[in-house]
Amino acid sequence: MTAATLPSNASPVMLSVAADASPGLLSRLMGTLARLDIVPLHVYARRRADLPGEDMLEVDIQLPETASAYSERVAALFRGVVGVHQVAGSI
């Protein structure tokens, strides 16, 4: 998608993913983006073990303007990734 074909309201999209803290989670999320030929602008991951028995990973991913048309699809694909519990964002 080129700048000429972007929707007029295109802007960067932020997705927040809550998932099990497993070693392969980040690579599965990035692999999903790679298959769609999307390079994120920003990725921030933090491990949360606040509650006993819970070990979660929170990942914030900012997608570029050029991917804004695919944000719903990306969110749906993230929801299908093994270990993901929730996906929310500014879509």
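The values are calculated or read from the model by the stated rules, or taken from the named source; none is laboratory data. Everything numeric here is computed off the predicted structure, so don't read it as measured data. Counting neighbours? That spans all protein chains shown, and the Cβs are built from the backbone with ideal geometry, glycine included.
Computed values, structure above
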read-out	value
Selection status of residue 49, farther than 19 Å from residue 27 by Cα, among the aliphatic types (A, V, I, L, M) and in contact (Cβ under 8 Å) with a residue 60 or more places away in the chain	no
Number of positions in region 18-37 that are closer than 17 Å to residue 89 by Cα, hydrophobic (A, V, I, L, M, F, W, C) and touching a Leu at 6+ places or on another chain (Cβ under 6 Å)	1
Subset of region 35-91 that is assigned to a loop (DSSP other than H, G, I, E, B), loosely packed, with under 15 Cβ neighbours inside 10 Å and of a type in the set (Gly, Ala, Ser) - its residue that is modelled with the highest pLDDT	80
